[in-house]
1. Would you be so kind as to identify which of Y78, T103, V47 lies farthest towards the positive end of the dipole of the chain, taking Lys and Arg as +1 and Asp and Glu as -1 on Cβ and the Cα centre as origin?
2. When the helices in the chain are scored as -39500 (n - 2.57) per DSSP H run of 4 or longer and the sum is shared across all residues, what 222 nm value do you end up with, to the nearest 500 deg cm²/dmol?
3. Could you give the size of the charge dipole of the chain about its Cα centre, using +1 on the Cβ of each K and R and -1 on the Cβ of each D and E, expressed in debye and rounded to the nearest 20?
4. Please report the net charge: other residues with Cβ closer than 11 Å to the Cβ of R107, K and R +1, D and E -1.
5. Excluding ligands, DNA and RNA, what is the solvent-accessible area per residue of the chain at a probe of 1.4 Å, expressed in Å²?
6. Given that just one value was derived from the coordinates, which of (i) 12.0; (ii) 10.1; (iii) 8.0 is mean projected area of the Cα convex hull in nm²?
7. Tally Lys and Arg at +1 and Asp and Glu at -1 over the other residues with C-beta under 13 Å from the C-beta of Y121: what net charge comes out?
8. If you look at just the Cα atoms of region 24-78, how large are its Rg and its Dmax in Å?
Amino acid sequence: MKTSTSLVSGFKEIDHTADWAYQVWADSLDNLFKQAASGLYYLAGMVLTCEPVSTHTIALAAVDRESLLVAWLNELLYLHEEHNLGVEVIQDFCLNPTSLQATVATRPVQRWIKDIKAVTYNNLSILTTPYGFEVTLVLDV
């Protein structure tokens, strides 16, 4: 089981019967979205090249925070699928209940081991915990 954990935030791969899933937790909603991106890239086995960094602005809107999280992660998958880019650094990140704007520094992807089609809505619910927020994400592979 692959894991990146700390008391405050992290992610871990969890068993799922049909697809692929991972659990994410963080002390804030902003950090939950960032950890979800880190977990997605880690589980996909992404390695970036040393080529120069390019900057992209991502602006998304959705009906709720769960839909926004799916849109965010699927946008990162789109950057990889269509442009062979991965996010190296999230420079600016502004999250509201139904919108997100981020400036990201990207590099070309050198290696991507696991083909991920999309992040799904399967049993998706961002939970508030005594420590912050938690979500389980299911990936369509």
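The values are calculated or read from the model by the stated rules, or taken from the named source; none is laboratory data. Just so we're clear, the structure is a prediction, and the values are computed from it rather than from any experiment. Every residue, glycine among them, receives a Cβ derived from its backbone with ideal geometry; neighbour counts consider all protein chains shown. Surface accessibility is based on the protein's heavy atoms, side chains included, excluding ligands, DNA and RNA. Shrake-Rupley method; radii C 1.70, N 1.55, O 1.52, S 1.80 Å.
1. The Cα lying farthest towards the positive end belongs to V47.
2. Working: 2 runs with 35 residues, N = 141.
Mean residue ellipticity, 222 nm, calculated: -8500 deg cm²/dmol.
3. Details: 8 positive and 16 negative charges, 49 e Å.
Computed charge dipole of the chain: roughly 240 debye.
4. Every neighbour counted, the sum reads -2.
5. On the way: 7230 Å² over 141 residues.
Ligands and nucleic acids excluded, the result is 51 Å² per residue.
6. Computing mean projected area of the Cα convex hull in nm² and matching it to (i) 12.0; (ii) 10.1; (iii) 8.0 gives (iii).
7. Values: positive: R65; negative: D19, D64, E66, D140.
Within the 13 Å Cβ shell, the charges total -3.
8. In Å, with Rg to one decimal and Dmax whole: 12.5, 37.
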